[in-house]
Amino acid sequence: MKTVNHWIGGKTVEGTSGNYGEVTDPATGAVTTRVAFASPDEVDTAVAAAKDAYRTWRDSSLSARTAVLFRYHALLDAHRDEIAALITAEHGKVHSDALGEVARGLEIVELACGITTQLKGELSTQVSNRVDVSSIRQPLGVVAGITPFNFPAMVPMWMFPLAVACGNTFVLKPSEKDPSAANLLAELAAEAGLPDGVLNVLHGDRVAVDALLNHPDVAAVSFVGSTPIARHIHATASANGKRVQALGGAKNHMLVLPDADLDAAADAAVSAAYGSAGERCMAISAVVAVGAIGDELVARIKERAGKIKIGPGTDPASEMGPLITAAHRDKVASYVTGAAAQGAEVVLDGTGFTVEGFEDGHWIGLSLLDHVSTDSDAYKDEIFGPVLCVLRVETYEEGVALMNASPYGNGTAIFTRDGGAARRFQLEIEAGMVGVNVPIPVPVGYHSFGGWKDSLFGDHHIYGNDGVHFYTRGKVTTTRWPDPADAPAGVDLGFPR
Ligand code: NAD
C-alpha cells in the first residue's frame, strides 16, 4: 500500500506520530493508500521550517519570485494529466472534470506571476510642505491553509501561489481523504526553484488543524470547508489573534423566471446540480421555478438527468463518478429516502444504484425532488451529493424572499431573458457570487471568490485583489526632506497639519 508522508523543508518527511488515515478509491471501495497524521510536535517542525524560510523569502526580489512562479506554471501545465489522475484516483471525479479543476487552479498561479503589478505601492507627494506619503504592502509571515476534499488541487492553489508570491511562507493541511495531489503540487514547486521551507505540506486531521490554529508562529489562516468547521476555525484563529478567512458550505439556488429559455435552464440545472456528483460548493442544489413553468422545467430536467452516464472516473465515457466515501453516500441517500415523508415528490430516485464490475464503489444515481418544502431536511441541509430540489413560487419577489431566507449565501443564478429583472436580482440577492444565465458563477482568478452569511467567516474573499490584501498588511510612511535652503521649522506644539 502506498504511504503519503509530509513535505517539510523541501523534502519528504515520514510521519512519526504512528497515526495514519486510510485513503479509498471511491470507484472500487478499496483502501489504496495510508496517509500520515501529524502530531502537534510535527506541526511545530513544519511551522519552524516555514518560519526559517520566511527570513530570506520575504526579502527575495519580486523578479526572483515571479521567475519561480513562471517555471511552476510551465511544470503544472506539463503535469496536468498526472495531477488529474491523482484526483480521480482518490476523489472519484471524472478525468475531464479533474483536468478542469487543475485549469482553474492554474489561473491563480497565472495571477501570482503578475504579483509585480499587484504589489505596487502608492505615493502622494507634497501632502504638506516638503512632505510625501507612501503606502506599501508587506507579507505576514507563516500562513496556514486548510483545505476540503472536493477540490484537492484547485483549492490549495487558490491559496499558496498568491501567499508565497506576496513573500509569505506556507503550511498546507490538505484533506485527509485525498491527500496525494497536494504532495505533487509541492514537489513541482520545489522543481520550479521554490526554496526549501517556503511551501510545506502537513497531513492530518483535527489534531494537526488545532495545533496550527493555536501555534504562535502562524500569522494567518485560510480555510475552505464545511460551515461548522469554518465557524470553529474562524472563532479559534481569531481568538488567537490571527488573520483568518474561512469559507464554508452552501445551498445554491437557481431562480428560473417564466420568460427563461427552458431548454437552456434545464441544461444548466443538470450540469450544475450533478457535475462532480454534486460535490461542489458552487453546485446548484435548489431550483426555484417562478409561475407556471414548474411542470415543464421538471420534465426537461428529468429527461436530461436520465441520460447521464455514471461510472468510474477513469472511463472516458463516464460523466459522473462516485461519492467520496460509503458513509457520505449513505447520508446522501437518506435525504432521498426521507423526502416523500416530508412532502416532496420523488421524480428520480438515485438510491440503490450500482455499476457493474465496481459493486463496492460509493455509487449513487441522480435524484430529483419536486415540490420540496423549505422546512424539509433535503432543503435545509447541504446534501453535497447528486440531489436536486425543485421549489415552486408564484412571483419573482416570493422567489428572492425564499432565497434570501437561506442561512447560506455562496453562489446563485437567475435564468431569464429580461435584463431589468436580472439587474434587480443582482442587486437584491444576498449571495457573494451571482450568475445571470450562468449556473456556476465561479469568478475568474483576477476577481475574488467568496460567499456571504454562513458561507464565509471573515472579511476577505479568496484570490484576486482580496487574496493579495489578505496575504499582506499595509504600511504607510510619512517623509519630510527639508530643502537644503530651508530654515529649521522650529518647535510647534499644535496638532500636525
Ligand atoms: P470539512 O469541513 O469536513 O473539512 C475541511 C478541512 O477541515 C479538512 O482539511 C479537514 O481535515 C478539516 N477538519 C475536519 N473536521 C475538523 C475539525 N473538527 N476540526 C478541525 N479541522 C477539521 O469539509 P469537506 O467535507 O472536506 O469538504 C466539503 C465542504 O467544503 C462542503 O461543505 C463544501 O460546501 C465546502 N466547500 C466550500 C467551498 C467554498 O469556497 N465556500 C469550496 C469547497 C468546498
Give me the dipole magnitude in Debye, nearest 20, for the chain about the Cα centre, with unit charges on the beta carbon: positive for Lys and Arg, negative for Asp and Glu. 1440 debye
How many percent of the alpha carbon pairs in region 216-341 exceed a separation of 20 Å? 60 percent
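So what's the convex hull volume per residue for the Cα atoms of region 1-110, in Å³?
Taking the convex hull of the Cα positions in region 1-110, it is 119 Å³ per residue.
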Once each part is reduced to its C-alpha centroid, what is the distance from region 244-295 to region 466-487 in angstrom? 47 Å
Using a Förster distance of 22 Å, how high is the FRET efficiency between Asn240 and Lys331, based on the Cβ-Cβ distance and rounded to 0.05? 0.10
Treat every Asp and Glu Cβ in region 297-338 as -1 and every Lys and Arg Cβ as +1, leave all other atoms uncharged, and give the resulting dipole magnitude about the Cα centre to the nearest 20 debye. 180 debye
Taking Rh as the Kirkwood radius computed over alpha-carbon pairs of region 256-318 and applying Stokes-Einstein at 25 °C with viscosity 0.890 mPa s, one gets a diffusion coefficient in µm² s⁻¹ of 195 µm²/s
Volume in Å³ per residue [convex hull over Cα atoms, computed for region 167-269]: 176 Å³
Cut-off under 16 Å on the C-alpha distance; same-chain residues fewer than 8 positions from Lys120 excluded. Which aspartates and glutamates are left, in chain and number order? Asp59, Asp466
For region 385-445 the translational diffusion coefficient, Stokes-Einstein from a Kirkwood Rh over Cα pairs at 20 °C and viscosity 1.002 mPa s, in µm²/s, is roughly 172 µm²/s
Where does helix 227-239 land angle-wise versus the long Cα axis of the chain, in degrees 0 to 90, nearest 10? 20 degrees
Dipole magnitude of region 416-492 about its Cα centre, charges +1 at Lys/Arg Cβ and -1 at Asp/Glu Cβ only, in debye to the nearest 20? 300 debye
Kirkwood hydrodynamic radius (Cα pairs, Å) of the chain? 24.0 Å
So what is the relative contact order for the chain, in percent, with contacts set as C-alpha pairs under 8 Å and at least six apart? 18 percent
With the dipole of the chain defined by +1 on each Lys or Arg Cβ and -1 on each Asp or Glu Cβ, the option from Ser180, Ala27, Gly474 whose Cα lies farthest towards the positive pole is Gly474
Estimated [θ] at 222 nm from DSSP helical runs (n ≥ 4, -39500 (n - 2.57)) normalised by residues in the chain, nearest 500: -11000 deg cm²/dmol
Can you list residues from other chains, or at least 5 along the same chain, whose modelled amide H is less than 5 Å from the amide H of Thr24? Thr32
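Using 23 Å as the Cα-Cα cut-off, could you pick out the over-long pairs in Lys173/Lys331; Lys173/Lys251; Lys11/Lys242; Lys177/Lys331; Lys242/Lys453; Lys93/Lys331?
Numbers: Lys173/Lys331 26 Å; Lys173/Lys251 25 Å; Lys11/Lys242 28 Å; Lys177/Lys331 17 Å; Lys242/Lys453 21 Å; Lys93/Lys331 19 Å.
Result: Lys173/Lys331; Lys173/Lys251; Lys11/Lys242 exceed 23 Å.
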Considering only DSSP states other than H, G, I, E and B, which trypsin sites (Lys or Arg not before Pro) in region 305-358 qualify as loop sites with at most 16 other Cβ atoms within 10 Å? Lys307, Lys309
C-alpha center-to-center spacing [region 304-327, region 114-152] in angstrom: 43 Å
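Each value in this text was obtained by applying a stated rule to the coordinates, not by laboratory testing. On a predicted model such as this, the values are computed, not experimentally measured, just so you know. Cβ coordinates were reconstructed from backbone atoms using ideal geometry, including for glycine residues, and neighbour counts include every protein chain displayed.
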